[in-house]
Amino acid sequence: RLAVLTSAGLHVKETQPSFDLERERAQPEWGDPGWRPIPSTATAANLGVAHLHINDEDVLADPGIALPARLLEQFAADGVIGSAAGSHISVMGYQERSLEGWRDKTADEVIAHLRSQGVDGLILAPV
């Protein structure tokens, strides 16, 4: 079972908070160390992008460029992989140099989430 981790700062508008763009604007060397689970069924209509370093219009026009979940599901249907995870991971790719938030909290939370889904491997989709 495979999941995708995108660095596009995606979030589900109806149920998840945006990444903290206000603080990033005030502190340009900082990046929100949080993460969001993105259901494999998410569509452009219910996704938001919170990232100051990418063109969100492109990502919203075709979320597959940042989160190739549909492609992963096609690979599973074709027998190329065993299965795709039910949800994937979104983070804000621009992070402070120390990665303190990642080391102290984010990494453990993401790993626990992936393990709870029985994920065997993670594909990084940097944006």
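The values are calculated or read from the model by the stated rules, or taken from the named source; none is laboratory data. Just so it is clear, the model here is predicted, and its values are computed rather than measured. Every residue, glycine as well, gets a Cβ built from its backbone with ideal geometry; the counts of neighbours run over all protein chains shown. Side chains are part of the model used for accessible areas, which takes the heavy atoms of the whole protein and leaves out ligands, DNA and RNA. Shrake-Rupley method; radii C 1.70, N 1.55, O 1.52, S 1.80 Å.
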Query raised in the report: What whole number of Å gives the distance from the Cα centroid of region 19-96 to the Cα centroid of region 1-18?
Result: 4 Å
Report summary line: Taking placed amide H atoms and a strict 5 Å upper bound, the residues 5 or more places from ILE123 or on another chain that come that close are ALA3, VAL4, LEU5
Query - Cut-off under 5 Å, modelled amide H: who pairs with ILE38 long-range - result: HIS88, ILE89, SER90
Query raised in the report: Taking springs between alpha-carbon atoms closer than 10 angstrom, which of SER83, SER116, SER18 fluctuates most in the Gaussian network model of the chain?
Result: SER116
Requested in this report: Identify which of GLY34, GLY79, GLY101 has the largest mean-square fluctuation in a Gaussian network model of the chain, with springs joining Cα atoms closer than 10 Å.
Outcome: GLY79
**Report entry** Extension gain (nm, one decimal) between ALA77 and GLU109, 0.36 nm per residue minus Cα-Cα
**Finding:** 8.6 nm
Query raised in the report: If Lys and Arg each add +1 and Asp and Glu each add -1, what is the summed charge of the other residues whose beta carbon sits under 13 Å from the beta carbon of ILE65?
Result: -3
Requested in this report: Working from the alpha-carbon coordinates of region 81-127, get Rg over Rh, Rh being the Kirkwood radius.
Outcome: 1.00
Requested in this report: Can you work out the accessible area per residue across region 14-80, with the rest of the protein chains kept in place, probe 1.4 Å, in square angstrom?
Outcome: 57 Å²
Report task. Heads up, I need the accessible area for ASP62: 1.4 angstrom probe, whole protein in place, Å², nearest 10. Result -> 80 Å²
Query raised in the report: If you count the DSSP beta bridges with both ends in the chain, what percent of them are antiparallel, to the nearest 5?
Result: 55 percent
**Report entry** Distance in nm between pseudo-label sites at GLU22 and LEU124 (7 Å out along the Cβ direction from Cα)
**Finding:** 3.2 nm
Query raised in the report: In µm²/s, what is D for the chain at 37 °C and 0.692 mPa s, where D = kT/(6 pi eta Rh) by Stokes-Einstein and Rh is the Kirkwood radius from Cα pairs?
Result: 221 µm²/s
Requested in this report: Report, to the nearest whole %, how much of the accessible area of the chain belongs to carbon and sulfur atoms, 1.4 Å probe, protein only.
Outcome: 53 percent
Query raised in the report: What angle, in degrees between 0 and 90 and rounded to the nearest 10, separates the Cα long axis of helix 107-116 from the longest principal axis of the Cα atoms of the chain?
Result: 20 degrees
